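A short worksheet on the structure shown next.
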Amino acid sequence: MRYLKPFFYGLAVLSFAILNLQCKPEQKKEAVETETIVTKDVTIEKHDFGVTPEGKEVVQYTLKNTNGIAITIITYGGIITSLKTPNKDGVSEDIVLGYNSLDDYIKSSPYFGAIIGRYGNRIAKGKFTLNGTTYTLATNDGQNHLHGGLKGFDKVVWSATEETADHSASIKLSYTSKDMEEGYPGNLEVSVTYTLTSDNTLAIAYQATTDKTTVVNLTQHSYFNLSGDFSQPILDQELQINADTYIPVDETLIPTGKLEPVEGTPFDFRTMKAIGKDIAVANDQLKKGLGFDHCWVLNDQDKGMRYAAKAYDPKSGRVLEVTTDEPGIQFYSGNFLDGTLPSKNGGTYAQRSGFCLETQHYPDSPNQKDFPSTILEPGNVYNSKTTFKFYVKKEE
Ligand code: GLA
C-alpha cells in the first residue's frame with residue numbers, strides 16, 4: 001500500500017492535468033468572446049502616417065465608438081489630427097484644426113492638437129532657478145520660453161501601446177526626455193494616455209517621473225471649432241469657464257503675479273456667453289493678448305477632478321465639456337492664426353477659426369513664488385488628468 005500511495009497521487013495529478021487540458025480550449029474560446037464583447041463599442045485602427053526627416057516612422061491610431069465619435073492621434077507630437085463628433089442631426093464632422101500630412105505638421109504648426117511639454121505656456125526670459133542652480137531655456141517667443149522650447153514634446157516621436165478595457169480603448173504614448181533636453185534638468189519619463197469611452201468622453205491622463213528636481217506642466221493644444229466648418233470663425237460659439245479670477249499678463253504675456261476677479265471684465269465667462277461678445281471691447285488685457293490668451297484660475301481647486309469649462313455651438317448643437325484636476329485653464333482664441341496655414345478641407349485657417357482650452361498650472365510658475373508649484377522631485381509622480389466630453393444640445 002505504502003508504494004501504491006505515490007502512484008495514486010500521481011494518477012490524481014495526471015487526471016487533473018488532463019481535465020484541465022480538456023477545459024482549456026473552452027476557456028480560451030470564452031476569453032476571446034469576452035474580449036470581443038468588452039471592446040466592440042470602442043475600436044482601434046492603426047495605419048502608417050509617414051516618416052520624419054530623421055527616419056522615424058510615425059503611426060496613426062483612430063479610436064472609434066458606436067456613437068459616431070472618432071479620434072485620430074499620431075505618434076508625432078501625440079497630435080490629435082482629427083476628432084469627429086455628431087451634430088444635432090447626427091452628422092459626424094471634424095471639430096479640430098490640423099493638417100492632412102506629416103510634412104505639414106513638421107513644416108510649421110502653431111501646436112495644432114499637440115501634447116505640450118516639458119512646460120506648457122511661458123517661462124519669463126527662459127530662465128528659472130532650482131536649488132540654487134539657474135537653468136537657461138530657449139527663448140522661442142520673443143524674450144520668453146514657450147511650450148517646451150525649440151523641440152518640445154509636440155515635435156518628438158512617442159512610442160505607443162494600445163490598451164482596451166470595458167467600454168473604452170486607449171493609446172498610451174511614452175517618451176523619455178533626456179537630462180538637459182531643451183535646457184531642463186533630469187531624465188523625465190513621460191506618458192500620456194488618450195482614452196475614448198463608449199459614453200463619448202476623451203480622457204487624457206498625464207504621468208511623469210524624474211531623476212533630478214525639475215519643472216513639469218503638461219497640456220493638450222487642440223484647436224476646436226465646434227461648427228465642423230473651419231471656414232467659420234468661432235466668435236458665435238459660446239463658452240463658460242468655472243473661474244472667478246484670471247491671471248493678467250504684461251506685454252510679453254508673462255503673468256504680473258496678481259490674480260484679478262473676472263467680475264465686470266470681458267474675462268467674465270461664469271455664465272455662458274459668445275466668445276465674440278466682448279473680444280473687441282477696449283481693454284488693456286485684451287490688447288496685450290490680441291484677444292483672449294490668458295490663464296483662468298479655476299474654482300474649487302481643493303475638489304480634485306471637477307468641472308472646468310463648457311463650449312457650445314448653437315448652430316450645430318455640439319457641446320464640449322471639460323473637467324480637470326489642474327488649477328488653471330488657458331483659453332486662447334486663435335489670435336495668431338492669420339490665414340497662411342492650409343486647412344484640412346481646403347482654404348486656410350483664418351484668425352479666430354479655432355479656440356484652445358489648455359488645462360494646466362499657471363504660466364511662469366517656476367518664477368512666481370505665490371503660484372501652485374510645478375516642481376517635480378525624484379521619487380514623486382506627476383499626475384494630471386483632463387476629460388473632454390462631447391454631446392449635443394437641441395435648440396432651447
Ligand atoms: C498658446 C499661447 C499662445 C500661442 C499659442 C500658439 O495658447 O498662450 O500665446 O502661443 O499657444 O500659437
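Bear in mind that the values in this text are calculations on the coordinates, not laboratory data. None of the values given here were measured: they were computed from a predicted structure. Here Cβ is always computed from backbone atoms with ideal geometry, including for glycine, and neighbour counts include all displayed protein chains.
What relative contact order, as a whole-number percentage, does the stretch 164-212 give when Cα pairs under 8 Å and 6 or more residues apart are counted?
Once divided by the residue count of the stretch 164-212, the mean separation gives 34 percent.
May I ask for the angle, rounded to the nearest 10°, between helix 4-39 and the longest principal axis of the chain, with both axes built from Cα atoms and the value confined to 0 to 90°?
The two axes meet at around 30 degrees.
Check residue 93: other-chain or 5+ apart residues with amide H under 5 Å from its amide H, H built from backbone geometry?
Placed amide hydrogens put 85, 87 under 5 Å from residue 93.
If I take every Cα pair under 8 Å that is 6 or more residues apart in the chain, average their sequence separation and divide by the length, what percent do I get for the relative contact order?
16
If we sort 353-365, 173-185 on the protection proxy, mean other Cβ atoms within 10 Å, highest first, what's the order?
Descending packing order for the listed peptides: 353-365, 173-185.
Hey, got a sec? Which trypsin sites (Lys or Arg not before Pro) in the stretch 245-288 land in a DSSP loop and have at most 12 other Cβ atoms within 10 Å?
Listed in order of number, the matching sites are 258.
Given H placed 1.01 Å from N in the peptide plane, which residues other than close sequence neighbours of residue 359 have an amide H under 5 Å from its amide H?
Here 220, 330 satisfy the definition.
In angstroms, what radius of gyration and Dmax does the stretch 147-220 have, counting Cα atoms only?
My reading of the Cα-based Rg and Dmax gives 13.9, 41 Å.
Two decimals, Cα atoms only, Kirkwood Rh: what is Rg/Rh over the stretch 61-192?
1.06
Where the centroid of each part is defined by its Cα atoms, how far is the stretch 74-88 from the stretch 326-396 in Å?
Rounded to whole Å, the Cα centres lie 15 Å apart.
Using θ = phi - 60° and the Karplus form 6.51 cos²θ - 1.76 cosθ + 1.60, what ³J(HN,Hα) does each residue of the stretch 87-94 get, whole Hz, x for Gly and Pro?
8, 5, 9, x, 8, 7, 9, 6
Run down the aspartates and glutamates and flag those whose C-alpha is under 15 Å from the C-alpha of residue 393, throwing out any fewer than 8 positions away in its chain.
Correct list for residue 393: 89, 238, 313, 321.
How large are Rg and Dmax for the stretch 139-282 when only the alpha carbon atoms are used, in Å?
19.1, 51
At a threshold of 8 angstrom on Cα-Cα distance, excluding pairs fewer than six apart, so keeping six or more, what relative contact order does the stretch 161-259 reach in percent?
Relative contact order comes out at 16 percent.
Taking amide H positions as placed in the peptide plane 1.01 Å from N, state which residues far from residue 141 in sequence (5 or more) or on other chains have amide H under 5 Å from it.
Amide H neighbours of residue 141: 146.
Work out how far the C-alpha atoms of the stretch 290-390 reach from end to end along every principal axis, then list the three figures in whole Å, largest first.
Projected onto the principal axes, the Cα atoms of the stretch 290-390 cover 48, 30, 24 Å.
Binning at 5 angstrom from zero up to the longest distance, how are the C-alpha pair distances of the stretch 52-115 distributed in percent?
4, 17, 27, 23, 13, 9, 5, 2, 1
Ranked highest first by the average count of other Cβ atoms within 10 Å around their residues, in what order do 240-252, 377-389 fall?
For the peptides 240-252, 377-389, the packing ranking is 240-252, 377-389.
Each residue of the stretch 368-385 in order: what ³J(HN,Hα) in whole Hz does its phi give by Karplus 6.51 cos²θ - 1.76 cosθ + 1.60, θ = phi - 60°, with x for Gly and Pro?
Coupling constants for the stretch 368-385: 10, 5, 8, 8, x, 5, 10, 7, 10, 9, x, x, 9, 10, 7, 10, 8, 9 Hz.
From the P(r) of the stretch 207-306, could you give the percentage of C-alpha pairs in the tail past 15 Å?
71
Spelling out what I want: for every residue of the stretch 59-71, take phi, set θ = phi - 60°, compute 6.51 cos²θ - 1.76 cosθ + 1.60 (Karplus), and round to whole Hz; glycine and proline get x.
Computed from phi, the couplings for the stretch 59-71 are 10, 10, 10, 10, 9, 10, 10, 7, 9, x, 9, 9, 10 Hz.
Hey, with R₀ at 56 Å, roughly what FRET efficiency would residue 273 and residue 161 work out to, going by the Cβ-Cβ distance, to 0.05?
0.85
Positive end of the charge dipole of the chain (Lys, Arg +1 and Asp, Glu -1 on Cβ, about the Cα centre): tell me which of 113, 164, 180 has its Cα farthest that way.
After comparing all options, I get 164.
When averaged across all projection directions, what area in nm² does the alpha-carbon convex hull of the stretch 300-352 cover?
Convex hull of Cα atoms, orientation-averaged projection: 5.2 nm².
Summing -39500 (n - 2.57) over the DSSP H runs of n ≥ 4 in the chain and dividing by its residue number, what mean residue ellipticity at 222 nm do you reach, to the nearest 500 deg cm²/dmol?
Taken over the chain, the calculation gives -4000 deg cm²/dmol.
Based on the Kirkwood radius over alpha-carbon pairs, what value in µm²/s does the Stokes-Einstein equation return for the translational diffusion coefficient of the chain at 25 °C and 0.890 mPa s?
For the chosen part, D equals 109 µm²/s.
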